[in-house]
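A short write-up of the structure that comes next.
The values are calculated or read from the model by the stated rules, or taken from the named source; none is laboratory data. What you are looking at is a predicted structure, and each value in this text was computed from that prediction instead of being measured. Neighbour counts are summed over all protein chains in view; Cβ atoms, including those assigned to glycine, are modelled from backbone coordinates with ideal geometry.
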Amino acid sequence: MMTRPDRKRPTRRSVIAGGGSIVVSFALLSQAFAQEGEVQGAAPPQPKPKLPGSLADDPWLDAWIRIDADGAISVFTGKAELGQGVKTAILQIAAEELEVDPTAIRLVTADTGQTPNEGYTAGSQSIQNSGTAIRHAAAQVRELLIGQAAAQWQIPADQLRAENGKVIRSDGQTLDYGSLVSTEIMHVEARPQSRLKTPGSFRIMGKPMKRVDIPAKVTGTPIYVQDMRLPGMVHARVVRPPRPGATLTALDPSAVERFPGVVAVVRNGSFLAVVAEREFQAIQAMRLLETAAQWSEGMKFPNPSEFIQSLKTRPAQQGVVAERGQPGAASAQSFQATFTRPYQIHGSIGPSCAVALLESGTTRIWSHTQGVFPDRAAIAEMLGVPAEQVHVVHVEGSGCYGHNGADDAAADAALIAQAVPGRPVRLQWMREQEHVWEPYGPAMLTEVRASLDQSGRIAEWNYDLWSNTHSTRPGPAGSLIAAQSLPAAFKAPPAKLSISPSGNGDRNAVPLYTIPNMRVIWHFLPEMPLRVSALRALGAYANVFAIESAMDELALTANADPVEFRLRHMDDPRGRAVIEAAADGFGWSRDRLPDDRGRGFAFARYKNLAAYLAMALEIEVERETGRCRILRVVAAIDSGEIVNPDGIRNQTEGGIIQAASWTLYETVTFDESGITSTDWSSYPIMRFGSVPASIDVRVMERPGEPFLGTGEAAQGPTPAAIANAIRHATGRRLYDIPFRAEKVKAAIGV
Amino acid sequence: MAVTLTVNGRTQQVEADPETPLLYVLRDHLELNGAKYGCGIGQCGSCTVMVDGEAVLSCVTPVLLLEGRRVTTVEGLGTLEKPGPMQQAFIEEQAAQCGYCIPGMMMRAQALLQADPSANEAAIRAHLEPNLCRCGTHMRIIKAVMRAGEIMRQNPQSGGAS
């Protein structure tokens with residue numbers, strides 16, 4: 001594996017003592033700022049200004065960008081490619097500010113041995129955090145190189161420009177980047193302000209760029225962790241208990257150990273796995289091992305028929321998410337309703353997988369985890385070794401959409417690797433293991449009570465939500481199934497209520513609309529009957545569903561058009577702009593549609609601080625069956641400054657289809673014996689026969705604005721737009737996701 | 001025991017239990033990556049390959065059934081350097097997010113277009129029904145398959161898989 005021995009080796013003292021050049025560079029940089037009026041970035045308060053994006057956590061320029069003497073350029077991001085196209089977008093950003101071609105850059109992603117620690121690749125934050133950091137770092141590196149050239153030529157920096165990996169002066173002479181760099185000049189801390197390129201001068205950013213990962217994906221080139229084949233590699237499968245909490249009470253591994261190809265049966269407390277030379281042998285041996293193991297009863301599952309309503313009566317802590325004006329003053333409610341969302345799965349098409357190798361005391365793990373550094377900490381704690389003895393490298397897997405089985409599979413592989421030192425272990429979960437053991441998106445129940453004033457404006461808004469936490473990611477070893485199975489079992493840390501600006505279960509619980517009196521409460525449920533964690537958009541999915549459903553009912557009561565009613569309450573000009581763009585693009589009107597067709601609208605600003613998205617869609621309800629088919633969708637999204645417009649469209653189209661699938665079809669099912677949704681037959685998702693005829697995503701131009709992220713913006717508006725369209729088509733409102741055909745048929749009473 | 005297989009135009013002997021599903025022989029013995037494990041029970045289509053021009057779920061097809069038949073995986077459609085029409089179309093339409101399901105989609109679509117290069121959108125949607133995509137790339141997949149059909153119609157020699 002490549003390492004960066006030079007990274008952080010020079011101390012500040014050696015740099016300053018060693019290089020007059022750096023003083024020159026800084027002086028020139030300051031001069032440049034003084035001359036340029038268009039400095040962007042955080043204001044410079046005293047004494048330590050906050051650096052832009054993830055530079056705040058790792059300020060060294062050479063943590064992000066390295067240029068070798070031969071001119072080779074490497075860019076390092078702590079974020080991982082999850083299929084969202086982040087590699088391509090980061091290359092665009094870096095190439096733009098460095099004034100090089102994207103193909104000239106080697107991009108290194110999430111690797112505990114090489115990249116900055118940027119936590120998790122989650123929350124639609126890769127471009128805001130890493131993209132912003134790399135943009136500023138690249139701009140500062142470019143200016144440092146220009147400064148070096150200025151010093152060499154002894155002419156002012158403002159007579160120079162950078163282009164295609166060179167610094168160029170007015171008479172045409174050039175110096176290559178490689179000839180200008182030294183370890184010392186790159187090993188400096190970023191400054192809070194950068195001389196960023198202006199949008200009018202962009203060559204690469206803001207323009208569609210073909211994804212760099214797609215050619216490999218369509219040719220069978222080995223790029224997934226599932227495709228790794230290391231010399232001497234063996235294949236492993238885990239055997240899980242019938243239910244969480246069950247412990248292994250008896251095991252006769254003798255028949256399995258004699259099975260052809262079996263290398264080892266690994267038992268450690270209640271952790272059970274088998275290792276074989278060939279993959280199919282491992283699967284056959286796993287099935288045999290299942291019959292050889294006896295387990296205790298384990299946890300009791302709740303009664304499924306009463307479960308969702310029971311959320312309101314479970315032990316809860318109250319968190320005030322928002323309170324303004326005088327809530328509780330209204331004498332009558334204009335609208336009051338309860339909405340629910342069941343447990344839902346991430347449902348990656350490729351079950352979770354990892355490769356692990358214990359060699360010379362170090363455990364190396366290749367994983368599709370969203371957080372190589374937190375996962376390293378958790379696995380090191382589980383193994384009882386220092387973090388330096390665990391090296392986690394991100395390798396792409398199947399799309400995750402949040403905290404799926406990736407971290408658990410990485411821990412499984414790491415534990416199995418301890419039993420077969422020197423041999424790389426490839427572990428993949430089986431389909432039913434992914435369906436049953438991944439942490440689910442939490443079930444939620446929400447209540448809206450709202451009232452209108454005489455003028456048809458919302459006077460008061462009361463909102464209560466009942467939910468678990470939406471994140472049980474590692475960090476601690478107790479988050480990992482493997483660690484929970486050991487003889488000295490690590491316990492899952494207790495969930496804590498926390499109210500934050502970006503939200504968790506309460507994400508988007510506060511309407512962005514102007515409402516004078518409001519109270520929003522999160523009834524936080526610390527106990528988790530079923531294991532849960534982050535699923536794309538967290539609570540925003542259920543909260544926006546409830547808010548935007550209520551908005552439509554209030555509009556009806558006020559005898560207002562749903563779009564006009566939203567605009568009536570929207571003061572944020574960018575919110576208004578996406579609402580208007582979606583409505584215009586769709587051809588929103590109050591004209592009569594054919595029978596059984598309806599149109600629906602919804603809006604949200606993700607987290608109330610990130611991307612704005614509005615959508616309109618048309619649906620057809622088949623009365624005889626209750627089957628709903630989305631005919632067409634028009635969405636408008638404002639993600640701030642655009643990096644890759646086609647990437648934004650691709651993510652948004654995908655978000656709409658995925659959220660439509662959640663809404664129309666998806667629910668985890670269980671009975672008192674355990675999870676019963678164990679495959680794609682018992683947990684159906686959207687197939688080609690049901691995808692819309694068209695999805696039109698319009699990307700708002702916001703040159704010069706901060707990046708706002710994209711990946712999760714559609715998840716909240718989609719269920720509401722569907723529910724509003726069904727309401728329009730049938731006159732019936734649906735409150736309980738999913739809207740499967742039988743439920744719709746029952747609601748419309750045919 | 002040995003099984004004789006013809007994969008992407010190459011005939012070779014593989015030491016495997018004849019009951020082994022083709023998927024594992026492709027991935028584990030022949031080191032081909034296109035066919036992916038998704039469910040192992042024929043519900044998701046990510047393991048789809050072509051056998052004698054028909055789309056087949058390799059996760060539920062024992063290798064013993066494949067002696068004397070022609071197996072094609074996505075590696076048989078072209079290469080990074082020289083992508084075939086189906087691959088070219090998926091790149092042009094940017095029809096992937098995570099991409100895990102995509103080779104299976106391409107192989108099922110290839111079987112359709114080899115039989116009928118002028119298959120229309122409705123036929124493509126119906127034909128792809130067995131294959132699941134979780135990223136929601138469906139709209140682009142449909143467009144890519146339609147584009148692949150155009151490329152194949154313009155150059156009838158281009159579309160055949162090895």
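Computed quantities for the displayed model
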quantity	calculated
Total residues in region B:115-139, condition at the interface with chain A (Cβ under 7 Å from one of its Cβ atoms), in contact with a strand residue (DSSP E or B) (Cβ under 7 Å, 6 or more places away or on another chain) and in contact (Cβ under 8 Å) with a residue 40 or more places away in the chain	0
Test: residue in region A:339-355 that is within 30 Å of residue A:517 (Cβ to Cβ) and either surrounded by fewer than 24 Cβ atoms within 10 Å (Cβ to Cβ) or assigned by TED's automatic domain parsing to the domain that holds residue A:118 (or both)	yes
Scan of region A:601-633 for residues that are of a type outside the set (Ser, Thr, Tyr) and outside any strand (DSSP E or B), ordered by number	A:607, A:608, A:609, A:610, A:611, A:623, A:624, A:626
Selection within region B:96-114 - out of contact with any His (no Cβ under 9 Å at 6 or more places or on another chain) and either surrounded by fewer than 22 Cβ atoms within 10 Å (Cβ to Cβ) or at the interface with chain A (Cβ under 8 Å from one of its Cβ atoms) (or both)	B:96, B:97, B:98, B:99, B:100, B:101, B:102, B:103, B:106, B:114
Test: residue in region B:140-152 that is facing chain A (nearest Cβ under 8 Å) and not hydrophobic (A, V, I, L, M, F, W, C)	yes
Hits in region A:608-632 (condition: touching a helix residue (DSSP H, G or I) at 6+ places or on another chain (Cβ under 7 Å), over 18 Å from residue A:733 (Cα atoms) and among the charged types (D, E, K, R))	none
Qualifying position, being in a strand (DSSP E or B) and among the basic types (Lys, Arg), among A:237, A:203	A:237
Residues that are touching a helix residue (DSSP H, G or I) at 6+ places or on another chain (Cβ under 7 Å) and in a loop (DSSP other than H, G, I, E, B), drawn from region A:402-442	A:405, A:429
Within region A:257-275, considering residues that are more than 25 Å from residue A:247 (Cβ to Cβ) and within 14 Å of chain B (Cβ to nearest Cβ), the one surrounded by the most Cβ atoms within 10 Å (Cβ to Cβ)	A:261
Count of region A:380-408 residues which are free of Cβ contacts under 8 Å to residues at least 60 places away in the same chain, of a type in the set (A, V, I, L, M) and within 13 Å of chain B (Cβ to nearest Cβ)	1
Strands (runs of 3 or more DSSP E) (entirely within region B:5-108) containing at least 1 residues that are within 26 Å of residue A:231 (Cβ to Cβ)	B:10-15
Candidate set from region A:723-732 (those that are of a type outside the set (Gly, Ala, Ser) and buried (at least 17 other Cβ atoms within 10 Å of the Cβ)); member that is nearest to residue A:634 (Cα to Cα)	A:724
Candidate set from region B:25-41 (those that are over 19 Å from residue B:13 (Cα atoms) and without any contact (Cβ under 8 Å) to a residue 24 or more places away in the chain); member that is nearest to the other protein chains (Cβ to nearest Cβ)	B:39
Any hit, region A:89-104, residues being farther than 27 Å from residue A:704 by Cβ and not in a helix (DSSP H, G or I)	no
Residue within region A:433-451 that is among the hydrophobic types (A, V, I, L, M, F, W, C), more than 20 Å from the chain's Cα centre (by Cα) and within 14 Å of another protein chain (Cβ to nearest Cβ) present	yes
Test: residue in region B:72-90 that is crowded, with 24+ Cβ neighbours inside 10 Å, in contact with a strand residue (DSSP E or B) (Cβ under 7 Å, 6 or more places away or on another chain) and under 24 Å from residue A:81 (Cα atoms)	no
In region A:635-661, residue nearest to residue A:538 (Cα to Cα) [restricted to those that are facing chain B (nearest Cβ under 7 Å) and among the charged types (D, E, K, R)]	A:653
Residue under evaluation residue A:123, criteria (1) assigned to a loop (DSSP other than H, G, I, E, B); (2) more than 30 Å from residue A:390 (Cα to Cα); (3) within 35 Å of the chain's Cα centre (by Cα), criterion not met	(2)
Count of residues meeting criterion [surrounded by fewer than 17 Cβ atoms within 10 Å (Cβ to Cβ) and in contact with a His (Cβ under 7 Å, 6 or more places away or on another chain)] in region A:679-722	0
Residue satisfying condition, being without any contact (Cβ under 8 Å) to a residue 60 or more places away in the chain and farther than 30 Å from residue A:202 by Cα, within set A:600, A:689	A:689
Residue match in region B:131-143 (condition: in a loop (DSSP other than H, G, I, E, B), buried (at least 22 other Cβ atoms within 10 Å of the Cβ) and of a type in the set (D, E, K, R))	yes
Residue A:632 within 30 Å of residue A:95 (Cβ to Cβ), within 14 Å of chain B (Cβ to nearest Cβ), basic (Lys, Arg) and surrounded by fewer than 24 Cβ atoms within 10 Å (Cβ to Cβ)	no
The one condition in (1) surrounded by fewer than 24 Cβ atoms within 10 Å (Cβ to Cβ); (2) within 21 Å of residue B:75 (Cα to Cα); (3) under 15 Å from the mean Cα position of the chain (by Cα); (4) at pLDDT 95 or above that residue B:148 fails to fulfil	(1)
Selected residue (only one of A:83, A:119 is crowded, with 24+ Cβ neighbours inside 10 Å, small (Gly, Ala, Ser) and at positive phi)	A:83
Inter-residue pairs, beta-carbon under 6 Å, first on the phi > 0 side of the Ramachandran plot and in region A:279-301, second among the hydrophobic types (A, V, I, L, M, F, W, C) and in a loop (DSSP other than H, G, I, E, B), 6+ apart	A:298/A:246
Exclusive hit being under 33 Å from the mean Cα position of the chain (by Cα) and part of a loop (DSSP other than H, G, I, E, B), set A:191, A:135, A:142	A:191
Test: residue A:624 is over 28 Å from the mean Cα position of the chain (by Cα) and either under 20 Å from residue A:664 (Cβ atoms) or surrounded by fewer than 17 Cβ atoms within 10 Å (Cβ to Cβ) (or both)	yes
Count - residues of region A:208-246 that are more than 12 Å from every other protein chain (Cβ to nearest Cβ) and either under 24 Å from residue B:82 (Cβ atoms) or of a type in the set (Phe, Trp, Tyr) (or both)	0
